[in-house]
Structure formats: structure tokens, C-alpha cells
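**Student:** Dropping a structure here in C-alpha cells format, bear with me for questions.
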Amino acid sequence: GAVVSQHPSRVICKSGTSVKIECRSLDFQATTMFWYRQFPKQSLMLMATSNEGSKATYEQGVEKDKFLINHASLTLSTLTVTSAHPEDSSFYICSASPGPEQFFGPGTRLTVL
Amino acid sequence: GIQVEQSPPDLILQEGANSTLRCNFSDSVNNLQWFHQNPWGQLINLFYIPSGTKQNGRLSATTVATERYSLLYISSSQTTDSGVYFCAVGSGGYNKLIFGAGTRLAVHP
């Protein structure tokens, strides 16, 4: 299967700071990547679709000014959580695909103090 | 939007038992995947199965697209099968997936 990586795997930050999370497709090119968020004991919720070379598409209720997405190349998408607050603490997971089947990164656990 | 319902929400098994997990969806789909989320949060791809039947070792899956449901079968369960099983579906373009709430499986020795 295709391999998707994320960095960092875990981050702890102070309230008010910004955090950047990277998602990379390691063995294929991806014009589209997806960002999901998962709270404890809940399912994955799609946040946004990241499009290479164009603006991201956000799902209803997701603040685009808070969650900045940049798809700079065919193998890299970044999610920046700006002015993070404790309620942004969550597990963030990206996915990408060389075809119809989606593959997921290992996730980034964000804790905002 | 499309709705995805999984049942049962929780399942407890003795090692060696068989189980069936169900996924119902509310509209036509062109993508359906089953995942196992391990204790570290990694989603493991089990099946890409928008229709038909597939088998991989002790696991198999069937999707009946016309009746809008999919089943995941686990046979001879092992403690390492414990975790959360998600069904996710997609429709239209871009391959984005909508997840069900999951089935939390605990297999005891």
C-alpha cells in the first residue's frame, strides 16, 4: 500500500502559539490530501480538502483562518493551527491516495496547555 | 450529506470467537473502506470494497451497494484484533471519506 507520513507525531504547546503539522506522501504524488480531526473516543471528522496549487476547501463549521492549509507540492501538505487554545487539543490525521483507496498518516497528537 | 451508521457500537469476544460488524449508509457510494485503528491511533487499511466480496486471512468483507450496507467478518478472533473498526464511505469526486462512529472491539484471552 501507499505510505503517508506525518510530522511531528506529538506536540505540546502553550495557549496562543501556532503549530505546524506536515503530511507527506512518500511513494506517490497527491494532488489532493485530506485533513481529519479526532477527539478522544470519537470518530474522525473531515476538516478540509487540501488541493495542490489552489486554496483548500473547508467543511462546514471549520474556521479557515484558524486552520491554515498549504499544499505546496505534490507530496506535501501542511496544517497550521493558529493561536491554539486548549479546545484545539486533538488528534489530527491526514490522508492521501494514488487512486481511489485512501491511506492515512500515523497522526499528530496536539496538546495545548 | 451522506450518513454512515455502524453496529454494534461495542463488542466483547472471547478469543477464538467469530463476529460480524455492520455498516449502513444512506446514499449511493463509489468508495467504501474498512479500517482498524490500533491503540496508537494509526488507521490500518483492511479493505477497499465499494461492492462485492473480499477476503484477507481471517477477515472478509461484503458490500451490497444496492442495499446500502457492508459487513466485516472476523473469524477466530485474537487479542490483537482489539481496537476500533471504522467504516468510511465516499461519493462523488475527490475521494473524501465520511466515517461511521466505529465499533469498539475487545477480545479477551
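The values are calculated or read from the model by the stated rules, or taken from the named source; none is laboratory data. Here the structure is a predicted model, which means the values were calculated and not measured. A quick note on method: Cβ atoms are made from the backbone with ideal geometry, for glycine too, and the neighbour counts reach across all protein chains shown.
Rundown of residues vs (1) aromatic (Phe, Trp, Tyr); (2) under 23 Å from residue B:101 (Cα atoms); (3) in contact with a helix residue (DSSP H, G or I) (Cβ under 9 Å, 6 or more places away or on another chain); (4) modelled with pLDDT under 95, yes/no style:
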{"site": "A:1", "(1), (2), (3), (4)": "no, no, no, yes"}
{"site": "A:7", "(1), (2), (3), (4)": "no, no, no, no"}
{"site": "A:10", "(1), (2), (3), (4)": "no, no, no, no"}
{"site": "A:30", "(1), (2), (3), (4)": "no, no, no, yes"}
{"site": "A:39", "(1), (2), (3), (4)": "yes, yes, no, no"}
{"site": "A:44", "(1), (2), (3), (4)": "no, yes, no, no"}
{"site": "A:49", "(1), (2), (3), (4)": "no, yes, no, yes"}
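**Student:** Suppose we filter B:105, B:59, B:72 for residues that are at negative phi, touching a Gly at 6+ places or on another chain (Cβ under 8 Å) and of a type outside the set (Lys, Arg); which single one remains?
**Tutor:** The unique qualifying residue is B:105.
**Student:** When you go through (1) within 11 Å of the chain's Cα centre (by Cα); (2) away from chain A (no Cβ under 14 Å); (3) surrounded by fewer than 20 Cβ atoms within 10 Å (Cβ to Cβ) one by one for residue B:5, which number turns out not to apply?
**Tutor:** Residue B:5 satisfies all of (1) within 11 Å of the chain's Cα centre (by Cα); (2) away from chain A (no Cβ under 14 Å); (3) surrounded by fewer than 20 Cβ atoms within 10 Å (Cβ to Cβ) except (2).
**Student:** Continuing with the same structure: Would the range A:12-32 turn up any residue that is under 21 Å from residue B:92 (Cβ atoms), of a type outside the set (A, V, I, L, M, F, W, C) and free of Cβ contacts under 8 Å to residues at least 12 places away in the same chain?
**Tutor:** No, the range A:12-32 contains no residue that is under 21 Å from residue B:92 (Cβ atoms), of a type outside the set (A, V, I, L, M, F, W, C) and free of Cβ contacts under 8 Å to residues at least 12 places away in the same chain.
**Student:** Residues in the range B:48-58: is at least one in contact (Cβ under 8 Å) with a residue 24 or more places away in the chain and surrounded by 17 or more Cβ atoms within 10 Å (Cβ to Cβ)?
**Tutor:** no
**Student:** Which members of the range B:59-81 meet the condition of being farther than 25 Å from residue A:39 by Cα and buried (at least 16 other Cβ atoms within 10 Å of the Cβ)?
**Tutor:** Within the range B:59-81, B:59, B:60, B:61, B:62, B:63, B:65, B:68, B:69, B:70, B:71, B:74, B:77 meet the criteria.
**Student:** Look at residue A:59 and say whether it is under 23 Å from residue B:86 (Cα atoms), free of Cβ contacts under 8 Å to residues at least 60 places away in the same chain, surrounded by fewer than 19 Cβ atoms within 10 Å (Cβ to Cβ) and of a type in the set (Asp, Glu).
**Tutor:** Spelling it out, residue A:59 is indeed under 23 Å from residue B:86 (Cα atoms), free of Cβ contacts under 8 Å to residues at least 60 places away in the same chain, surrounded by fewer than 19 Cβ atoms within 10 Å (Cβ to Cβ) and of a type in the set (Asp, Glu).
**Student:** Same structure, new question: Yes or no: the range B:73-91 includes at least one residue that is part of a strand (DSSP E or B) and away from every other protein chain (no Cβ under 14 Å).
**Tutor:** Yes: the range B:73-91 contains one or more residues that are part of a strand (DSSP E or B) and away from every other protein chain (no Cβ under 14 Å).
**Student:** Continuing with the same structure: Of the numbered conditions (1) touching a residue at least 40 places away in the same chain (Cβ under 8 Å); (2) within 14 Å of chain A (Cβ to nearest Cβ); (3) at positive phi, residue B:41 fails exactly one; give the number of that condition.
**Tutor:** Every condition holds for residue B:41 apart from (1).
**Student:** Scan the range A:36-50 for residues that are more than 10 Å from every other protein chain (Cβ to nearest Cβ) and crowded, with 19+ Cβ neighbours inside 10 Å and jot them down.
**Tutor:** A:37, A:47, A:50
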